[in-house]
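Data first, discussion second: the structure below is written as structure tokens.
Where a number appears in this text, it was derived from the coordinates with a stated rule and is not lab data. For clarity, every value in this text was computed on a predicted model and none was experimentally measured. Cβ atoms come from the backbone with ideal geometry, glycine included; neighbour counts cover every protein chain shown.
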Amino acid sequence: MKIHKLSAIKDWWHKANHFAEEAYNAPYRAAVARAKREQDDLFMLLVFSEMMGVPNPASYYTLELQPLLLERFHDWHVRMGMEKSPLDHFKCC
Amino acid sequence: MNAIFVLIVGLGAMALGYIFYSKFIAEKIFRLDAKFRTPAHEFEDGVDFVPTNKFVLWGHHFTSVAGAAPIIGPAIAVIWGWVPAFIWVVLGTIFFAGVHDAGAIWASNRNKAKSMGALTGDVVGKRARSLFMIVIFLVLLMVNAVFATVIAGLLVDFPSAVIPVWGAIFVALIIGQLIYRKYIGLLTVSIVGVIALYALIGIGPMMPISLPEAVGPLSDRATWIIVLFGYAAIASLLPVWMLLQPRDYINGLQLFIGLILIYAAVLLMGPEMIAPAFNTDVPEGTPSMIPLLFVTIACGAISGFHGLVAGGTTSKQLDKETDARFVGYFGAVGEGSLALAAIIAATAGFATIADWNAVYSSFGQGGVNAFVEGGAYIINNGIGLEIGLAETLLTVMAVLFAGTTMDTGLRLQRYIFQEWGSIYDIKWMQKVIPATLLAVGTCLLLAFGAGGADGSGGLLIWPLFGTTNQLLAGLTLMVITVILVRMGRPMYYTLVPLLFLLVMTVAALVLQLKTFYVAGDWFLFLLDIVVLIAAIFIAFECAATLKRLHKDKQQGSHENS
């Protein structure tokens with residue numbers, strides 16, 4: 001009986017928490033996501049900067065990240081207003 | 001008359017409005033369809049378009065539209081007596097605001113959840129869209145100047161609120177970090193945050209802080225105004241999750257707590273309405289009630305700002321189209337109930353009529369300070385909370401609302417300046433900091449230009465602010481009306497409010513123009529002319545659009561026959 005009650009309270013707490021989270025995020029979801037995307041875009045530029053002729057002192061480290069960011073590469077160059085990949089030796093679409 | 005009676009009649013009427021009138025509007029005019037695929041589903045992306053529970057969405061809509069404005073407006077307008085303000089708030093909510101809000105959500109929802117500005121461009125025309133931008137800019141400018149003045153006045157009159165008001169910023173900053181970095185769940189954070197805020201409110205009366213009456217050449221009020229704009233400028237540059245989002249969330253919680261406290265206190269105390277029902281003996285210099293009442297109370301009866309929220313964010317998250325009735329109309333009812341609380345506090349919260357007359361000594365006096373004083377008197381007598389504490393509580397509520405609006409307002413103004421910078425190819429204006437400084441500069445100019453060096457005249461702009469806000473509402477109503485006519489549905493339920501608003505705002509502007517001219521207040525005279533020109537253009541735009549629609553319709557019927 002006691003355990004049953006406890007899990008009911010726990011259940012209620014989770015529901016209320018979810019509700020509060022929705023209320024907290026609903027008005028600002030878009031603004032926060034947009035800001036995050038802007039940050040990511042800048043990071044993308046840093047990682048691929050060497051390939052575009054911009055010297056990057058950290059290229060030794062960012063090279064490693066390139067394959068990891070490949071998935072997002074297409075979305076990024078499209079968003080930056082370039083229909084095709086801007087890099088000669090780095091085709092994507 | 002007893003305030004309980006006023007409260008029950010007001011809330012009862014709004015409830016009936018929701019049950020019957022909104023049902024009629026939703027089913028017969030907008031014909032909301034539960035099966036319609038809303039943009040939230042059609043373009044679901046987890047960012048802008050997210051189907052959201054209707055209660056959450058209602059909370060969002062209600063807390064975004066209910067701020068300091070529905071408190072200040074009614075609390076100023078009761079100078080003509082409580083009955084006119086009461087009638088306008090109740091009927092305005094039922095027949096104007098509810099239809100406007102639900103209609104704006106519906107119209108946006110049926111048009112890929114576009115914002116009201118974009119929709120105006122599509123539905124009415126490019127010129128109307130430019131007008132929309134100008135009116136928005138004017139609203140933002142005035143709201144920032146007025147709110148800075150209001151907050152400064154409150155901080156000077158209620159020094160006990162200084163610590164909680166500024167402390168709340170730190171509470172919000174901490175909450176923002178805790179949630180963004182996902183340290184603890186939101187419910188825990190909410191409870192801790194509210195406790196921290198109310199602890200600060202408890203400390204406030206023990207440690208009141210007043211600025212010296214003159215800080216260099218500036219009065220204490222002027223100093224606060226400058227400090228506030230400094231704060232708002234910095235706040236508007238921070239990412240939203242850091243300060244604005246948690247602040248807004250706490251405000252939402254505070255709004256519910258404050259409303260419950262005031263309503264409970266009224267029910268327990270049952271105060272008499274001390275202020276006259278119709279004030280026949282208004283102080284000298286008070287303008288004529290008609291048309292000024294209808295622009296003094298904008299938020300709380302109808303406000304164009306709601307359309308921006310409805311089209312900007314609410315419509316993108318609508319789960320089912322039928323939810324528009326609950327979210328929009330009931331959201332407006334929520335705001336109406338806050339305005340009603342403000343009316344009761346500012347008219348029943350005084351021991352004698354002499355006390356009331358002393359507060360309402362001239363037009364523009366009273367206002368939010370009367371709400372705080374009156375509300376504290378009622379809470380003290382009804383619930384037994386100490387009067388200093390109750391005053392601090394209500395002051396903090398009003399200031400936090402106004403402060404958050406300033407943050408948002410300045411942010412939006414900055415975007416507008418940046419956009420203008422890119423339209424006219426002015427490089428420096430596109431940068432964040434110069435654009436922010438420009439926004440702050442124009443607001444400061446208005447706050448001080450209107451009332452001299454002590455910044456006390458900011459409230460003179462209040463009716464002008466109301467007017468601009470109503471014009472915005474008029475533009476939204478025009479969009480809804482045009483859409484309805486094109487669909488071949490009855491247009492009078494939005495056209496009549498639209499015409500009423502246009503007539504009242506133009507009349508108010510002309511009347512005030514004369515007042516400013518006589519007083520030799522050229523600054524406000526000029527501002528009035530700018531708003532008046534916008535109003536006249538909107539009226540022309542409205543007439544031209546209706547004429548065009550009528551012509552199209554006639555041609556259509558010719559072709560059919």
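State which helices in chain B qualify, where a helix is a whole DSSP H run, it must extend 30 Å or more along its own axis by its Cα atoms, and its mean Kyte-Doolittle hydropathy must be at least 0.0. Before the final figure, lay out the partial values.
Details: long enough: B:126-157 (46 Å, 1.85); B:244-269 (36 Å, 1.29); B:387-423 (53 Å, 0.67); B:462-486 (36 Å, 1.33); B:492-519 (40 Å, 1.76); B:522-560 (56 Å, 0.56).
Span-like helices here: B:126-157, B:244-269, B:387-423, B:462-486, B:492-519, B:522-560.
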Mind checking which of B:302, B:314, B:349 is farthest towards the positive end of the range B:298-433's charge dipole, using Cβ charges of +1 (Lys, Arg) and -1 (Asp, Glu) about the Cα centre? B:314
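Give the calculated FRET efficiency between residue B:9 and residue B:34 to the nearest 0.05, with a Förster radius of 45 Å applied to their Cβ-Cβ distance.
0.85
Give the order of B:54, B:316 when sorted by the count of other beta carbons within 10 angstrom, beginning with the fewest. Walk me through the numbers before you get to the answer.
On the way: B:54 20, B:316 27.
Result, fewest neighbours first: B:54, B:316.
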Tell me the net charge near residue B:174. Cut-off is 12 Å between Cβ atoms, residue B:174 excluded, with +1 for each Lys or Arg and -1 for each Asp or Glu. +2
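As an exercise, use a Förster radius of 45 Å and the Cβ-Cβ distance of residue B:170 and residue B:550 to find the FRET efficiency, rounded to the nearest 0.05. Can you show the working numbers first?
Numbers: r = 59 Å, r/R0 = 1.30.
Computed FRET efficiency for residue B:170 and residue B:550: 0.15.
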Cβ-based net charge around residue B:43, under 9 Å, with every Lys or Arg adding one and every Asp or Glu removing one: -2
Spatial separation of Cα centroids for the range A:1-37 and the range B:264-308, in angstrom: 39 Å
Rounded to the nearest 0.05, what FRET efficiency is calculated for residue B:184 and residue A:52 with R0 set to 45 Å and r the Cβ-Cβ distance? 0.60
Whole-Å distance linking the alpha carbon centroid of the range B:491-515 with that of the range B:406-437 is 32 Å
Listing B:83, B:150, B:518 by rising number of other beta-carbon atoms within 10 angstrom, fewest first, gives B:518, B:83, B:150
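Loop only per DSSP, at most 12 neighbouring Cβ atoms within 10 Å: give me the chymotrypsin sites (Phe, Trp or Tyr not before Pro) in the range B:125-220, ordered by residue number.
Values: sites: B:132, B:137, B:147, B:166, B:170, B:180, B:183, B:198; in loops: B:183.
Taking the range B:125-220 and a limit of 12 other Cβ atoms within 10 Å, the loop chymotrypsin sites (Phe, Trp or Tyr not before Pro) found are B:183.
How compact is chain B by the rule of thumb for globular proteins, expressed as Cα Rg over 2.2 N^0.38 Å?
On the way: Rg = 22.7 Å, N = 561, 2.2 N^0.38 = 24.4 Å.
Compared with the compact-globule rule of thumb, chain B sits at 0.93.
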Listed here are the pairs B:54/B:316; A:36/B:431; B:23/B:553; B:28/B:320; B:35/B:114; which of them are more than 22 Å apart at the Cα? B:23/B:553
Whole-Hz Karplus ³J(HN,Hα) for the range B:306-317, in order, using 6.51 cos²θ - 1.76 cosθ + 1.60 and θ = phi - 60°, x for Gly and Pro? 4, x, 5, 5, 4, x, x, 10, 4, 5, 6, 10
Within a Cβ distance under 10 Å of residue B:377, other residues only, what is the Lys/Arg minus Asp/Glu net charge? -3
Degrees, to the nearest 10: A:59-79 long Cα axis against longest axis of chain A: 80 degrees
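Of B:44, A:50, how do they rank once you tally other Cβ atoms within 10 Å and put the fewest first? Walk me through the intermediate numbers first.
Values: B:44 14, A:50 17.
With the sparsest Cβ surroundings first, the list reads B:44, A:50.
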Each label point is 7 Å from the Cα along the Cα-to-Cβ direction; what then is the distance between the points at residue B:268 and residue B:126, in nm? 6.2 nm
